[in-house]
Amino acid sequence: MWLVELAPLSEDELVAKTVAEALGVPERPQQPLSGTLSDVLRESEMLLVLDNCEHLVETTARLVDALLDSCSRLRVLATSREALEVEGETKWPVPPLLVPERQDAPAFEPLEGYESIRLFVERARGHDHSFSLNLQNARTVANICRRLEGIPLAIELAAARAGTLSLERILQRLEGSLELLTRGGRTVSERQRTLRGTLDWSHELLSERECKIFRRLSVFVGGWTLEAAETVGTGGGIDEGEVVDLLSGLVMKSLVVAESTEQGGARYRLLEPIRQYALGKLDESGEAGAIKRSHAEYFLVLAEEAEPELIGPREAEWFDRLGVELDNIRAALSWSQARDEDELGLRLAGTLMWFWTWEGLLSEGRLWLEEALAQETSASSAVARAKALGAASSLARAQGDLGRAKGAAEEGLRLSKEAGTEGSRGAFLLGSSPEAYFLDLLALVSSEEGDHEHMAKLSEEGLALSRQANDAQGIANSMLTVSDAAVRRGDYEQAEKLYGEGLSLSRELDSASWRFLYLSNWGYASLLRGDHQRGTALAEEAVELARERRQGFMGGLPYALDTLGWSALLGGEPERAKVQFEENLTISEKLGDKGIILISLEGLACAAGAEGETLRAARLFGAAEALMDTVGSRLTPLESTMIEPYRASARSRLGDLAWEEALAEGRGMDLDEAIGYALCEAGSTTPAFQAPDRQVSKARSPSLTHREEEVAALVAQGLTNRQIAARLVISESTAETHLSRIFKKLGLHSRTQLTVWVNDRSLSSSS
């Protein structure tokens with residue numbers, strides 16, 4: 001076995017000479033060195049290692065091809081950023097080291113199974129002998145390796161700072177900078193002492209056109225498609241048809257990663273440290289502004305193309321596509337809103353309203369919308385602002401901010417009337433009758449405020465306008481609002497008729513989203529009417545539809561789960577009801593949807609009352625009352641009729657004085673405390689929620705609820721969260737929530753520790 005280092009060479013003519021010198025083969029007069037090497041090595045059984053061929057790849061390829069043709073027992077191992085492309089070559093891509101996924105637990109035991117973590121720990125110990133992976137630093141080490149995307153050299157260089165900087169400081173300084181990644185060993189080559197040096201080495205080997213496309217690709221965050229690269233990367237001497245070849249060249253040179261998609265296509269990305277380097281080159285080039293604008297405009301076009309497709313037969317495909325591009329969309333919004341010279345950010349944020357809502361990105365969507373609305377310029381069109389106002393109103397109402405919801409809808413209605421936005425380009429969200437759209441928004445606000453007559457008046461006016469405009473989407477939207485208004489007035493006959501008509505329309509539109517909304521709302525209306533069997537069937541169909549498609553349904557699922565919870569409760573199954581309400585609360589907490597949090601708290605309060613947990617019920621009723629005051633929402637008379645028996649029963653059994661005390665305790669909880677309390681059980685009450693005369697001993701071992709014991713036992717049996725969810729007939733997110741609360745209660749940090757805890761108490765077998 002012979003090793004030949006080609007990195008120091010700069011001239012093609014020196015390749016064969018360097019190989020000959022390494023093998024001790026002297027030159028022969030009047031014979032090319034390649035021929036001499038072939039003669040000498042013809043009968044040799046040998047492995048020839050050629051290290052770092054990329055800068056001399058063509059010359060190296062010709063030499064290797066000649067040697068392999070004449071030396072049948074010779075094998076060559078070549079390391080290079082691109083393949084030699086000679087006959088008989090087998091390519092072995094060397095991927096980055098494995099890094100923990102973002103959702104993995106921070107426990108150090110499982111983390112030691114990742115090669116990137118092991119490399120960091122080993123190199124860090126070389127600079128700080130006391131360094132070790134433990135519970136306190138495991139998460140930070142994982143984040144460092146994840147930030148560096150498993151690039152070995154980058155990990156080694158970061159670990160070299162372990163003796164002088166804290167891990168938190170290392171992670172902080174890695175954000176958007178390569179400056180920390182220096183100080184390689186003195187014995188390594190100059191280009192391997194810093195990551196920038198290694199990248200400079202690779203960059204210098206690129207052609208001028210490759211350099212140009214390489215730096216332009218740095219504007220993509222989270223990857224890109226060929227179509228996106230062709231749009232953003234062209235210009236300045238690069239034609240659209242050249243992009244695919246240039247991109248392929250960067251893939252071959254290991255600067256760009258190409259990954260297959262489920263649809264059979266390809267998606268490309270730059271590893272983050274490489275992207276930072278390329279972004280620096282883009283800033284130096286002077287074309288950063290133009291390229292970032294092109295990037296933002298591309299994703300605005302994509303969003304506007306997606307908008308009408310988010311309701312119809314291709315909605316799942318388009319929700320998924322926008323989800324994949326979310327990081328790029330965020331980058332486009334961030335860039336555009338840092339410059340308020342045009343309406344790009346306003347149009348992009350407003351166009352994504354349906355996406356923000358159904359994906360459950362309420363807080364994020366509102367943030368982008370409000371920032372864009374605050375930066376309105378003279379270039380902003382009426383339709384762009386009206387769409388953004390409508391989206392801001394819808395998201396604000398979902399989060400319980402009724403004041404902003406009403407104000408934005410009223411401004412949007414006024415603007416639509418004044419500017420005449422009907423049929424304007426990009427006005428899909430507003431429909432053929434923008435006035436009807438804003439009337440529906442105001443009707444929904446009236447519903448939350450408890451003014452059901454006004455809700456009915458506004459929604460019926462909106463439906464009439466939508467029918468007049470023959471706008472199918474507007475009719476579906478207005479008809480649903482009119483149906484809900486009829487339910488709130490107790491007019492079930494009209495509601496049934498409209499729900500049926502709307503469900504038929506949703507099938508004509510081939511829209512799973514509209515079908516889900518009608519099934520969910522109709523199911524709840526049937527429940528209020530007393531038809532529990534039909535309400536359950538409709539809600540189960542809605543939940544099945546949501547779980548089947550998942551993408552684009554996170555924001556709507558809680559409403560159907562609430563119906564199933566109430567169906568179980570009214571059917572005399574409080575334990576099953578709690579499972580539905582708990583999942584609902586878990587989802588709504590992630591979404592930041594205070595309206596659903598409210599109804600989940602009320603549902604859990606009623607379930608606790610049904611099981612005789614009167615003190616717990618009173619506290620949850622108090623927490624719900626406080627939240628109701630915060631969001632300004634009100635129960636309908638029928639909702640009050642459903643809840644009141646559970647409330648009255650708990651109060652009667654507890655007594656007026658104890659009831660008022662417990663109610664006050666619940667009202668005194670902040671939102672996080674209320675959610676935490678709702679997701680634990682009676683007997684697991686933490687000191688923050690204890691009455692003054694009933695302190696919990698710190699020495700007492702924390703108790704688990706029955707459900708938590710079941711989850712802990714299944715963990716001890718080696719089941720994953722998904723398997724636990726299937727076994728207990730709960731969602732995977734609910735299983736994760738139970739597990740996190742078990743860890744918090746017991747002070748544990750890994751599944752291994754929990755298994756030991758369970759086995760010590762024999763929970764596994766008893767369960």
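The values are calculated or read from the model by the stated rules, or taken from the named source; none is laboratory data. These figures come from a predicted structure and were not determined experimentally. No Cβ is skipped: glycine too gets one built from the backbone with ideal geometry, and neighbour counts run over all protein chains shown. Ligands, DNA and RNA are excluded from the accessible area calculation, which covers all protein heavy atoms including side chains. Shrake-Rupley method; radii C 1.70, N 1.55, O 1.52, S 1.80 Å.
Express the accessible area of the chain per residue in Å², computed with a 1.4 Å probe while the remaining protein chains stay in the model. Let's see the in-between values first.
Details: 34320 Å² over 767 residues.
For the chain, the per-residue accessible area is 45 Å².
Contour minus end-to-end for Ser132 and Glu611, with contour as 0.36 nm per residue of separation and end-to-end as the Cα-Cα distance?
167.5 nm
Mind giving me the nanometre distance, one decimal, between the label points for Glu449 and Ser248, set 7 Å out from Cα along Cα→Cβ?
Taking the simple label geometry, Glu449 and Ser248 are separated by 6.3 nm.
Expressed as an acute angle from 0 to 90° and rounded to the nearest 10, what is the orientation of the C-alpha long axis of helix 512-529 relative to the principal long axis of the chain?
In the chain, helix 512-529 runs at an angle near 30 degrees to the longest axis.
Expected output is a single nm value to one decimal: the length gained when fully extending between Ala419 and Ser363, i.e. 0.36 nm times separation in residues minus the C-alpha distance. What is it?
Numbers: separation 56, 0.36 × 56 = 20.16 nm, distance 2.92 nm.
Result: 17.2 nm gained on full extension.
Would you mind getting me the FRET efficiency between Arg28 and Ala7? Use the beta-carbon distance for r and R0 = 30 Å, nearest 0.05. Let's see the in-between values first.
Numbers: r = 27 Å, r/R0 = 0.91.
Using R0 = 30 Å, I get an efficiency of 0.65.
In nm, to one decimal, how far is the modelled label at Lys590 from the one at Ala537, with both set 7 Å along Cα→Cβ?
Output for this residue pair reads 3.1 nm.
May I ask for the angle, rounded to the nearest 10°, between helix 138-147 and the longest principal axis of the chain, with both axes built from Cα atoms and the value confined to 0 to 90°?
Compared with the principal axis, the helix lies near 60 degrees.
On a 0 to 90° scale, report how tilted helix 732-746 is relative to the longest principal axis of the chain, with both axes built from alpha carbons and the result rounded to the nearest 10.
90
Of Thr90, Thr60, which has the most accessible area and how do the rest follow, probe 1.4 Å? Don't jump to the answer; show the numbers that get you there.
On the way: Thr90 95, Thr60 0 Å².
Greatest to least solvent exposure: Thr90, Thr60.
Per residue of the stretch 596-613, what does 6.51 cos²θ - 1.76 cosθ + 1.60 with θ = phi - 60° give for ³J(HN,Hα)? Whole Hz please, x for Gly and Pro, Karplus curve as stated.
Whole-Hz 3J(HN,Hα) from phi for the stretch 596-613: 6, 4, 4, 5, 5, 4, 5, x, 5, 5, 5, 5, 5, x, 5, 8, x, 8.
With all protein chains present, how much of the accessible area of the chain (probe radius 1.4 Å) comes from carbon and sulfur, to the nearest whole percent?
On the way: 16750 of 34320 Å².
Reported share for carbon and sulfur atoms: 49 percent.
Leaving ligands and nucleic acids out of the surface, order Leu135, Leu627 by accessible area at 1.4 Å, largest first.
From most accessible down to least: Leu135, Leu627.
Taking R0 as 22 Å, what's the FRET efficiency between Glu208 and Ser260 from their Cβ-Cβ distance, rounded to 0.05?
Working: r = 30 Å, r/R0 = 1.37.
It comes to 0.15.
Taking θ = phi - 60°, what integer Hz values does the Karplus form 6.51 cos²θ - 1.76 cosθ + 1.60 yield along the stretch 659-667, in sequence order, with x for Gly and Pro?
4, 5, 5, 5, 4, 5, 4, x, 5
Residue separation times 0.36 nm, minus the C-alpha to C-alpha distance between Arg42 and Gln723: what's the value? Can you show the working numbers first?
Working: separation 681, 0.36 × 681 = 245.16 nm, distance 5.96 nm.
Here the segment from Arg42 to Gln723 would lengthen by 239.2 nm.
Helix-derived [θ] at 222 nm for the chain: sum -39500 (n - 2.57) over DSSP H runs of at least 4, divide by residue count, nearest 500? It would help to have the intermediate numbers written out before the result.
Working: 39 runs with 490 residues, N = 767.
It comes out at -20000 deg cm²/dmol, rounded to the nearest 500.
Could you tell me which residue out of Gly163, Asn721, Pro8 lies farthest along the dipole of the chain toward its positive end? Charges go on the beta carbon: Lys and Arg +1, Asp and Glu -1, centred on the Cα centre.
Gly163
Apply the Karplus parameterisation 6.51 cos²θ - 1.76 cosθ + 1.60, with θ equal to phi minus 60°, to every residue of the stretch 229-243 and state each ³J(HN,Hα) to the nearest whole Hz, in sequence, with x for glycine and proline.
In residue order, the calculated couplings are 5, 5, 6, 7, x, 7, x, x, x, 10, 8, 4, x, 7, 4 Hz.
Report the Cα centroid-to-centroid distance between the stretch 581-612 and the stretch 1-68 in angstrom, as an integer.
72
Between Lys457 and Thr140, what is the label-point separation in nm under the 7 Å Cα-to-beta-carbon projection?
That separation, rounded to one decimal, is 6.2 nm.
Dividing the alpha-carbon radius of gyration of the chain by 2.2 N^0.38 Å (N being the number of residues), what value is obtained? All intermediate terms of the calculation are to be shown ahead of the outcome.
Details: Rg = 32.0 Å, N = 767, 2.2 N^0.38 = 27.5 Å.
For the chain, the normalised Cα radius of gyration comes out at 1.16.
Have a look at the DSSP beta bridges in the chain and tell me what percent are antiparallel, nearest 5. List each step's numbers first, then the result.
Numbers: 6 of 16 bridges.
In the chain, DSSP labels about 40 percent of beta bridges as antiparallel.
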